[in-house]
Amino acid sequence: MKRGDRLYALMQRLKDGKLHTAEALAQDLGVSVRTIYRDMETLAASGVPVEGARGYGYSARATITLPPLNLTETELEVLHLGLAAVGAGGMPELSEAARALSAKIDAVLPEDAGAASGQFGFATYPFKEAAQGFRFMPAFRAAIRSRQKLRVTIEGHDAPQDVRPLHMDYWGRIWTCVVWNETAGDFETFRIDRVTDLRPLPGLFVDEPGKRLADFRAREA
């Protein structure tokens, strides 16, 4: 498993809010406990709100407010994405300004007593490529609203996939999409930054038992 895929897999496990030991994570992913410790340090440096310590276990929490403003989760995501996009651009002056603004936001984010300060700022490798998914996000959002089937080409798949987009999620600077994959005949969650091509298909889809977002959530519960 590539390091980037392993870190993404760790984020997916941590987002359930449960406590995960390094030993259990290492066994699930086929790596050493020392590797898990290093990965957790990388996630924390990337702004993923990891809590825990060696010998105890790890979990993650989400911060969604900025005093004195009350922000929705989507509004906070916009701040993350906008700063990441500018910071990853090729203009040093704007990139430095975005990093400075990120640090100011980080300084006023609320935190639980005794918790380590979470970093709002910029993700380190391998999350910088998340900006690549920006160009397809409007198409995914529109398809979810209108129930439009899409034909997408995704890194790691041998051929384009016909999907029913059901839900977009955001975690640790990474956007994902839950779909019913008609090509594979099963649910799938993939990173939007891994999409290299997208084309809307004619015709809309309707809810069918076993292929709905509620069915996906029931299976994941």
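Between E220 and T183, residue separation times 0.36 nm minus the direct Cα-Cα distance comes to 11.2 nm.
Accessible surface calculations at 1.4 Å, restricted to protein heavy atoms, place the range 176-221 at 55 Å² per residue. Note on the range 14-58: Cα-only Rg and Dmax are 9.7, 25 Å.
The Rg/Rh ratio for the range 151-205, using Cα coordinates for both the radius of gyration and the Kirkwood hydrodynamic radius, is 0.95.
Can you tell me, using C-alpha contacts under 8 Å and at least 6 residues apart, the relative contact order of the range 147-204 as a whole percent?
40 percent
Once the Cβ-Cβ distance of E93 and E208 is raised to the sixth power relative to R0 = 45 Å, the FRET efficiency obtained is 0.30.
L213 sits among other residues whose Cβ lies under 10 Å from its own Cβ, and their net charge, with Lys and Arg +1 and Asp and Glu -1, is +2.
The values are calculated or read from the model by the stated rules, or taken from the named source; none is laboratory data. This is a predicted model, so every value here is computed, not measured. FYI the Cβ positions are ideal-geometry reconstructions off the backbone, even for glycines, and counts take in every protein chain you see. We work out accessible area using only protein heavy atoms, side chains counted, and drop any ligands, DNA or RNA first. Shrake-Rupley method; radii C 1.70, N 1.55, O 1.52, S 1.80 Å.
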